Structures are given as structure tokens and as C-alpha cells.
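Q: Sending over a structure as C-alpha cells; questions will come in a sec.
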Amino acid sequence: MRTREAKKVIRKIAKREGISEYEVRREMEKAIRIGFMNGGAGHRWNSMFEEGRLPSPEEFIMKVSRFAAK
């Protein structure tokens, strides 16, 4: 999946939920922070993304979609 496709996913979610793309991104960023701060999942985050760095919502969608496709 490419960035453009990830942006389309966000657009579709916003349309489905009746909220703005900004709100979808903001909620995704909150969820990403919560997942990142989960002590038990730290090794997974570090293996998927650069150590100690939070991914953007688009980057998160792209990376997780690769794992889901396997």
C-alpha cells in the first residue's frame, strides 16, 4: 500500500463516520500514542517502526496492512 492509498482509507473512514479527515487523523494519532505507550508492546513497535518514533496515521496504515496481508 502506498501513501496515496492510505490517505484514501482515511478519507473513506471520515465519510463513513461523518467526520472530517482531520478528526480521523487526530483520533488515529491518539490510538497510535496509546499503543506506543503500552509497555508490553514496545518490542513490536520498535520492530515495525524506527525505535522511539511514532508513525503518522498513513504510515501506520501502510505498515499494518502489510502484516494483515500475510
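Q: Regarding Arg66, is this residue part of a helix (DSSP H, G or I) and touching a residue at least 60 places away in the same chain (Cβ under 8 Å)?
A: yes
Q: Pairs needed: first member in the stretch 35-56, surrounded by 10 or more Cβ atoms within 10 Å (Cβ to Cβ); second member anywhere, basic (Lys, Arg); C-beta distance under 6 Å; at least 6 residues apart or different chains.
A: Correct list of pairs: Met48/Lys63.
Q: Taking interchain pairs and intrachain pairs at least six residues apart, which have beta carbon atoms under 8 angstrom, with the first residue in the stretch 4-26 and open to solvent by 90 Å² or more (accessible area, probe 1.4 Å) and the second among the acidic types (Asp, Glu) and modelled with pLDDT of 95 or more?
A: Short answer, once both residue conditions are applied: Arg11/Glu21.
The values are calculated or read from the model by the stated rules, or taken from the named source; none is laboratory data. Model, not experiment: these values are computed from the prediction. Counting neighbours? That spans all protein chains shown, and the Cβs are built from the backbone with ideal geometry, glycine included. Just so you know, the surface numbers come from the protein's heavy atoms only, side chains and all, with ligands and any DNA or RNA stripped out. Shrake-Rupley method; radii C 1.70, N 1.55, O 1.52, S 1.80 Å.
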